[in-house]
Amino acid sequence: MNELILSLLSAILAALGGWVVKNLIPYIKSKTTLAQQEKINGWVKTAVTAAEQMKRKPGSGDEKFAYVRDFLRKKGFDLSTDEIEALIESAVQRMKAGVL
């Protein structure tokens with residue numbers, strides 16, 4: 001029963017992540033220059049990679065998100081939670097695909 005619930009939650013999160021990436025990434029790109037996008041993506045890559053290395057325990061997603069959010073804010077990026085989530089999802093997908 002627990003495996004079924006976990007599988008269902010994983011599928012829902014994957015679908016939600018896909019929707020966020022599909023809809024929010026183009027919005028973010030429309031509001032920033034190419035240089036700004038490259039800078040943001042570089043810092044997101046750095047922050048996501050660091051968060052993955054520092055917080056390896058299962059269920060630490062909230063801690064990882066907070067780390068990336070705080071890191072980006074310290075770098076001067078004033079992004080909404082949805083925008084940060086979209087950038088993280090995109091970076092994680094690229095990381096899993098071996099592109100990041």
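The values are calculated or read from the model by the stated rules, or taken from the named source; none is laboratory data. What you see is a predicted model; the values in this text were computed from it and never measured. As a convention, Cβ positions derive from the backbone with ideal geometry for all residues, glycine included, and neighbour counts pool all protein chains shown.
Some notes on this structure:
- From the options I28, I40, residue that is at pLDDT below 75 and under 14 Å from the mean Cα position of the chain (by Cα): I28
- Out of R69, R94, one residue alone is modelled with pLDDT under 85, outside any loop (DSSP other than H, G, I, E, B) and either surrounded by 18 or more Cβ atoms within 10 Å (Cβ to Cβ) or not aromatic (F, W, Y) (or both). It is R94.
- Number of positions in the range 30-62 that are part of a helix (DSSP H, G or I), surrounded by fewer than 10 Cβ atoms within 10 Å (Cβ to Cβ) and not small (G, A, S): 3
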